[in-house]
Amino acid sequence: MRTSITDQLKLLYLRLAYLDATLSILGRNDAVLKPIIETGLSRYSLGQGSQADVLKAQIEHTKILREVTMHHQEMGQLQASLKELLHRPQTSADIVPEPLSLTPMLRTAEELQALVVSHNPAISVDTANVHKEDARLKSAQREGKPDFNVGYMFQQTGGGYRDYYMLTLNMRLPRRKRVEAGVADAAESLERSRQELDSQVQQQLSEVQKQYIAVTNTAELLKEYQEGLLPQSEAAFRAEQTTYQSGKETLAPVLSSLLDVLTFEHDSQQALLDHETALARLETLTGAQLR
């Protein structure tokens, strides 16, 4: 239960941090878009611009406002869920997430696989069940052995009666069919619990491998965004903006390059969220602190 709640908290918190970051991105891009729209309207009024381009820019501005509204709505829902899990009053101050940052993966796939076998909660439960069924089988097997009891008693009678000693010997012979049935049932339960443990181990190891691949791939993707796509798209936008301000270009290329910047910034934050989410899932699966 603790593991499940902790996992939920991490995922909700990371999602909240992602929305907070993308909300800032939307605000910055809208702040850049507004003067472009004003310039386009001014030129259109002088007969130098295209009404279609201005309308397209205004539509993009409206889309950003819609995204901002949807972000605020989802962030409010996430705050409610976080406060519920933390047993905080819903009227308490909202949780302010720290900005998302890339957490390097310092463990190898082999180290993570080993941690799963020794620390995964689901595997621990199934392992305990195997031990319980194994003890039950051994107990059933002991029931098939004869049971011998030897007793000794001395009684002092007093009066005119002689004191005496009593030696008792008891032997219990178990019923063979009943014992065999109990042993067979315990052996079947043990085998079933072992199969369930093996299935659980394979499932958890597979999930760890998937999350490890997600971590490594998203780290590479983020590097491509940070070192290539984002700087190039921003440079292209600045070039188009300069050309437009000098009156040598229409609004369409400027708007297109700005939307490219917005898209790449969103995609970069999504890749960062996927990276940190995969790490959080690995923490749940391995029981280790990775972030």
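The values are calculated or read from the model by the stated rules, or taken from the named source; none is laboratory data. The shown structure was predicted, so the numbers you read here are calculated from the model rather than taken from an experiment. Positions of Cβ are backbone-derived with ideal geometry, glycine not excepted, and every protein chain shown enters the neighbour counts. These area figures cover heavy atoms from the full protein model, side chains too; ligands, DNA and RNA do not enter into them. Shrake-Rupley method; radii C 1.70, N 1.55, O 1.52, S 1.80 Å.
For region 166-183, taking the residues that are at pLDDT 70 or above and in contact with a strand residue (DSSP E or B) (Cβ under 7 Å, 6 or more places away or on another chain), the one that is least open to solvent (accessible area, probe 1.4 Å) is identified as 168. Taken over region 71-100, the criterion of being part of a helix (DSSP H, G or I) and open to solvent by less than 100 Å² (accessible area, probe 1.4 Å) is satisfied by 71, 74, 75, 76, 78, 79, 80, 81, 82, 83, 85, 86.
Count of region 208-233 residues, restricted to those that are over 21 Å from residue 273 (Cβ atoms) and surrounded by 15 or more Cβ atoms within 10 Å (Cβ to Cβ), is 0. Pairing each residue of region 189-203 that is among the acidic types (Asp, Glu) with any residue that is assigned to a helix (DSSP H, G or I) and open to solvent by less than 40 Å² (accessible area, probe 1.4 Å), provided the two are 6+ apart or on different chains, yields C-beta distances under 7 Å for 196/126. Restricted to region 16-50, and to residues there that are open to solvent by 70 Å² or more (accessible area, probe 1.4 Å), out of contact with any helix residue (DSSP H, G or I) (no Cβ under 6 Å at 6 or more places or on another chain) and of a type outside the set (A, V, I, L, M, F, W, C), the residue that is modelled with the lowest pLDDT is 48.
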